Structures are given as structure tokens and as C-alpha cells.
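The structure appears right after this line, and notes come after that.
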Amino acid sequence: MADLRCNIAGIRSPNPFWLASAPPTDKEYNVRRALEAGWGGVVWKTLGEDPPVVNVSSRYGAVTHGGRRMAGLNNIELITDRPLATNIAEIKRIKRDFPDRAIVVSLMVPCVEESWRAILPIVEETGCDGIELNFGCPHGMSERNMGAAVGQVPDYVEMVTRWCKQNTRMPVIVKLTPNITNILMPARAAKAGGADAVSLINTVQSVVGVDLDAMTPLPAVDGQGTHGGYCGPAVKPIALRMLGDIARDPAMRGLPISGMGGVSSWREAAEFIAMGASGVQVCTAAMHHGFRIVSDMIDGLGNWMDAKGYADIDAFRGLANRNYVQWGELNIDFRTIARIDQDACISCGKCYIACEDTSHQAIAKHPGRVYEVIDAECVGCNLCAHVCPVDDCITMQPQPAAGPKRTWAVHPNNPHRLEPETVS
Ligand SMILES: Cc1cc2nc3c(=O)[nH]c(=O)nc-3n(C[C@H](O)[C@H](O)[C@H](O)COP(=O)(O)O)c2cc1C
């Protein structure tokens, strides 16, 4: 079977599936059971200074979409609310009992060097494999000038990363917030500060809904709500985009990435790795389905790698990133046309309505509710295939190329204009 071992900045684990810093990694009881279930590593729930923070009740909101529960999860929790000494003693025992797993400790203390210098030796003493700097929490901590308040200012990211590198021998992973316009700015700052790796994404600022009877944003705490952090399947596209941007950035070359945000199965893990990650972290899926999902993840990834002939993680890491290009590099002459499999079609008319009302009027409706694509009108937008409720009933068929590939190039005399350019 394929070799699933993972190495991120010298932190090794038997498989690339780590639990992300969150409630599943908040205490020894959880972490022990997770590691027994087979997780390759954990990032311990973020530790801070004593006295610990006080959390509110309630804490989570969720989006159920089309019958899928927790398609998105929102939380207004803070970092650990347990005393530092308790966590430290537990981490030490866990590392002693699971020496082959990656035990990384997430940290967030005030943005002054003294605070970081004070906590680092205490954490190092646990024997853990590395630290992850939580520059991402978008609520509660950011109002105290921590979390996203640091992660949104590249100069602070660089400064705190440097403090950590100067005051510990442990590998430093910088966890990035997605609540920023250009993810490359904090990522490059982390590298400039000496980070050994970056991880992303933390949660996305969000309000998950409104209780229209109580007129309260959700989740409600005694009749009031606040914005929280969004995660789970809904955020995967945001995470993949940001991860892809970092992985293809020449300035970031060589810096390992731990990817997360909506990883629920081996397939998303493979996607994140193909986009450039060296391993993945999981939170919502474990909170939804329990620790045992990792068995399917390990089997699924191993089977897929065997089928594809990938001997180890590095064999396919970043392969999709090579094809992740700027829009202007896309082939403007590539054409794809929808085809409706008449045997599979259930005549629901969804494709017709979508195309007729909102797109290109490229589907004809014949008597007897027979739908047919009008090739000359079809622009290959994929909408009909997406709305069709029957798997593989509508497929997109690439058309033979009419000539050499052309892309868009910036006009030599006008940077605001693009013009077609033949690619040799
Ligand atoms: C309830 C909850 C608490 C979290 N607490 C932390 C935390 O203390 N530190 C941190 O870095 N990330 C925290 N996160 C964010 C996760 O580590 C992870 O970045 C995010 O959930 C995306 O992964 P997912 O889509 O697999 O859930 C928390 C997430 C949730 C749902």
C-alpha cells in the first residue's frame, strides 16, 4: 500500500490527517481517543496565558443546506478555557504515550515579546513536536488585539513569528486567517519572520442566521448574537483558493503548507495535497461524525494513491497547482458543449429552465418533454450539468481544437487591455 507518512517542517506523522486546534483537541481524554482511532497528529486547542478565558453559552450555529446538516458550522468560542498547567501536564503525557504522532501546540498570547518569551519554554518542556501560532481567531480574541488582529497585519505576523523563532528551537507553523483580501501578504510575512510552515485556513467571519421571532443573530446568547468563525464543507473553496495562491507563489517556494477548511474525507485531503499541501487538518468533520472517520480517510487515500500509482504523498503533492493559472493564461479557443443522455433524462426540465431563463437559450424543448442542446448556442458554461439532478445525465464534451492554443496577453501599449496571443 502507498506510503502515507507525512513530514511538515520536520514534524513527522504516520499519515497526513491531523486534528485541527479546536474542541476535539482540547483535552487529554479527547486527544488520547483520537490518536487511538488513528489520527496522525493533533494541533492542541489554542493555549493562552492564565487566568484562562471564560466562554459563553451557547456557542455554535450551523447552516443546514438541502438536507445536508452542518454544511457550514459557525462558532463564537475562544481559546482554551482550561488552566495552562493542566493542558501542559496532559500534553506531556500524550507525547510520552504517542511518540510517533505529531503533537503540535497552538498558542495565542498578547502581542508583546515578553508574553511569547514566557510561554515558549513552558510548552517546549512538554516534548511536543512544534507550535502553531494562532493568528486567525476572528472573534473575541481579536478585540483583545490577538488572533486575527495580528494575522491581518503582515508586520505583526512577521514580528511575532520572529520572536518565536528567536526564543524556541521548536518548528513554528503560522496559522493564517482567511479574513484578509490578499493571503500572500501575511503568508510572505510569516516566511520573512522565519516560519517553518504555514497552515490555513482559520475560520471565516460570519453571522450564520437570524432568529426571526426573537430578532437575534445566531447563535444567541441571552437574546444577543455576535459574529463568529465559519468552517466546514462550505468553506472548502475559500481554503483551496488561498492554499493554491500560496503554493504557486514563487516567494513562498519551499515552505510547507498544512491545509484545512472543509476536509471531510480522503477526497478533499487529496485535493488539498494536489493543490500543494503537505498534510491536512480536520475539525468540523470530526465534530460531526466522530474520530473514527479517520479510518475511512486513511483507507480511501491509500487506495486512491495505489490506483493512481502514487507511492507517497510527495508523488502527487502540488500536481494540480501546476495547472492553477491566472485567468489570462486560460485557452480562449477551448470549447465544451453540453450533451444530454436521453436514456438517463427524467424530463424534469431543470436544465431547460435554467438555460432559458438565465443563460443562453441553448436547450430546446421538444414535444413529450424531450430536451436537446442547441450546439450553436451552447457556450459551455456548465450550468445545465450543475442543476441536473441525475448524476452524469448531462456531461460536457470538449470539442476538437480548431487551431493552436491562444491565451490572453496584456496589450503592449495599454495595460488595461488584453488581446489574444498564440501560444507556441
Ligand atoms: C468550535 C471551534 C473552535 C475552534 N477553536 C480554534 C482554536 O482554538 N484555535 C485555532 O487555531 N482554530 C480554532 N478553530 C478553527 C479550526 O482549527 C479550523 O481552522 C477550522 O475549523 C477549519 O477547519 P474545518 O473546516 O475542518 O472545521 C476552531 C473551530 C471550531 C469549529
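One line per residue, one yes/no per condition, for (1) within 13 Å of the ligand (Cβ to nearest atom); (2) buried (at least 21 other Cβ atoms within 10 Å of the Cβ):
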{"residue": "I11", "(1), (2)": "no, yes"}
{"residue": "P14", "(1), (2)": "no, no"}
{"residue": "L19", "(1), (2)": "yes, yes"}
{"residue": "A37", "(1), (2)": "no, no"}
{"residue": "V43", "(1), (2)": "yes, yes"}
{"residue": "L47", "(1), (2)": "yes, yes"}
{"residue": "P51", "(1), (2)": "no, no"}
{"residue": "N55", "(1), (2)": "yes, no"}
Counting only helices (runs of 4 or more DSSP H) entirely within region 84-153, those with at least 1 residues that are modelled with pLDDT of 95 or more and open to solvent by 10 Å² or more (accessible area, probe 1.4 Å) are 84-97, 113-124
Looking only at region 169-196, filter to residues that are within 11 Å of I246 (Cβ to Cβ) and small (G, A, S); which one of those is surrounded by the fewest Cβ atoms within 10 Å (Cβ to Cβ)? A187
Can you give me the number of residues within region 383-423 that are touching a helix residue (DSSP H, G or I) at 6+ places or on another chain (Cβ under 6 Å) and among the polar types (S, T, N, Q)? 1
Under 7 Å between Cβ atoms, which residue pairs at least 6 apart in sequence (or on different chains) link something in region 148-161 that is assigned by TED's automatic domain parsing to the domain that holds T177 with a partner that is open to solvent by 50 Å² or more (accessible area, probe 1.4 Å)? V150/Y156; P154/M185; E158/A192
With criteria (1) open to solvent by 10 Å² or more (accessible area, probe 1.4 Å); (2) in contact (Cβ under 8 Å) with a residue 12 or more places away in the chain, L301 comes up short on (1)
Within region 365-385, track down each residue that is outside any loop (DSSP other than H, G, I, E, B) and farther than 14 Å from C345 by Cα. L383
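Is there a residue being among the β-branched types (V, I, T), out of contact with any Ser or Thr (no Cβ under 7 Å at 6 or more places or on another chain) and surrounded by fewer than 21 Cβ atoms within 10 Å (Cβ to Cβ) anywhere in region 218-230?
Taking every residue of region 218-230 in turn, at least one turns out to be among the β-branched types (V, I, T), out of contact with any Ser or Thr (no Cβ under 7 Å at 6 or more places or on another chain) and surrounded by fewer than 21 Cβ atoms within 10 Å (Cβ to Cβ).
Residue by residue, here is whether (1) open to solvent by less than 10 Å² (accessible area, probe 1.4 Å); (2) closer than 29 Å to N30 by Cα holds:
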| residue | (1), (2) |
| --- | --- |
| F272 | yes, yes |
| G279 | yes, yes |
| H289 | no, yes |
| M305 | yes, no |
| S347 | no, no |
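The values are calculated or read from the model by the stated rules, or taken from the named source; none is laboratory data. Remember, predicted model here, so these are calculated numbers, not experimental data. Because the Cβ atoms are built from the backbone with ideal geometry, glycine has one as well, and the counts that use them run over all protein chains shown. Accessible surface areas use protein heavy atoms only, side chains included; no ligands, DNA or RNA. Shrake-Rupley method; radii C 1.70, N 1.55, O 1.52, S 1.80 Å.
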